[in-house]
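These notes concern the structure reproduced below.
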């Protein structure tokens, strides 16, 4: 595996010849729809050790048995399959890839309302858990924001551990009443059981930092009740959230400062010194600020191409960036856009392994597929039995 930085004069075909890798694999591993490139962008180059051309009558199951590989690994090595098992003659498949794993890791995908089918099917082969954020906490209790049935059926069909994702809309106010806390978790368990989820994922956002003691009390209550239902508990935490929150839960998704390798390593080291890092997933950024809003990293790269800019890499922070001129209401505004480079993601993943964290968490819709391919190269993915 190598990370190639696009230079003046590079084209997809010259890069493919240089590394002796099929153009189609570079396109798939980097989620590129066309062969256009932006100077300064990074491409992940995965060198397969065994490829084959699909023949008439070939099936994914038959190919896996022939080469002694797991179906989930073939799907993860071929993002262009979009998680589909049906093959067509002439397709080039990577069935084996040389990799010296630095550890075993799990991945938690987070599916939001409007999650695109193709993004979910493409990321399922990398996942152990899928959180489907389909409910909110408000002053009246827990209520659905959309019907999770379709995403739930897809994940269960792929034997993923599914979690009923619930976000707090009260800014933590629900935590201040013991009666409300009990009502919330009872309603959440009832909805999760009826739908067929394996557990619950609570995201209190800033409320968990605002009312840390009450948040931990709430999680402890959740944990006790969920154990009785043979269900698991996940939560979302920040560096200032009490470490008890991660220890009470079966898994926690930690947000860290990814502005530089040093900052990320420092945050991870400080957390691992205080808490049980083996139950914690690191949240990989998938969206970045754009003025007063946000944009996905993939869309930012597309924007860079459309406006004819070049990406530059800050060697200290390992942030890739470009200057974008936005026109609104007849006026122009210059905005600096930056996002973590593949080199920074690789450094974070290596630190994750070194400090004993469980794996990664990410938004299914927006995370660049190259980040997942990199994760799959560095880590043997963990399998867990459904509760």
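Only the coordinates and a few stated rules stand behind these numbers; no lab work does. Remember, predicted model here, so these are calculated numbers, not experimental data. Using ideal geometry, Cβ is built from the backbone for each residue, glycine included, and neighbour counts are taken over all protein chains shown.
Sort the following peptides by mean Cβ neighbour count (other Cβ atoms within 10 Å, averaged over residues), highest first: 370-377, 38-45.
Per-residue Cβ counts within 10 Å, averaged per peptide and sorted highest first, yield 370-377, 38-45.
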Q.
Let's test the formula: R0 of 51 Å, r as the Cβ-Cβ distance of residue 10 and residue 276. What FRET efficiency results, to the nearest 0.05?
A. 0.65
**Q.** Angle between the chain longest axis and helix 369-378 axis [Cα atoms, degrees, rounded to 10]
**A.** 90 degrees
Q: Quick one: order 100, 134 by neighbouring beta-carbon count within 10 Å, fewest to most.
A: 100, 134
**Q.** Estimated D of the stretch 142-240 in µm² per second, where Rh is the Kirkwood radius over Cα pairs and Stokes-Einstein applies at 20 °C, 1.002 mPa s
**A.** 154 µm²/s
Q. In the stretch 323-358, which residues have a backbone nitrogen under 20 Å from the label point lying 7 Å from residue 3's Cα in the Cα-to-Cβ direction?
A. 323, 337-357
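What is the Å³ per residue value for the convex hull set by the Cα atoms of the stretch 198-275?
Measuring per residue, one finds 82 Å³ for the Cα hull of the stretch 198-275.
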Q) Hey, what's the Cα Rg ratio for the stretch 288-339 versus the globular rule of thumb, 2.2 N^0.38 Å? A) 1.13
Q.
Against the 2.2 N^0.38 Å scaling, with N counting residues, where does the stretch 2-97 land? I'd like the Cα-based Rg ratio to two decimal places.
A. 1.15
Q: Beta carbons within 10 angstrom, averaged per residue: use that to sort the peptides 163-169, 1-7, highest first.
A: 163-169, 1-7
Q.
Helix-only mean residue ellipticity at 222 nm, the chain, DSSP H runs n ≥ 4 weighted -39,500 (n - 2.57), per residue, nearest 500. What is it?
A. -10500 deg cm²/dmol
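Sorted by mean Cβ packing within 10 Å, highest first, what order do the peptides 346-357, 241-252 take?
Averaged packing, sorted descending, gives the order 241-252, 346-357.
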**Q.** With eigenvalues of the C-alpha gyration tensor scaled by 5 and rooted, the chain, Å
**A.** 35, 27, 19
**Q.** Relative contact order (percent, whole number), the stretch 1-116, Cα cutoff 8 Å, 6+ residue spacing
**A.** 27 percent
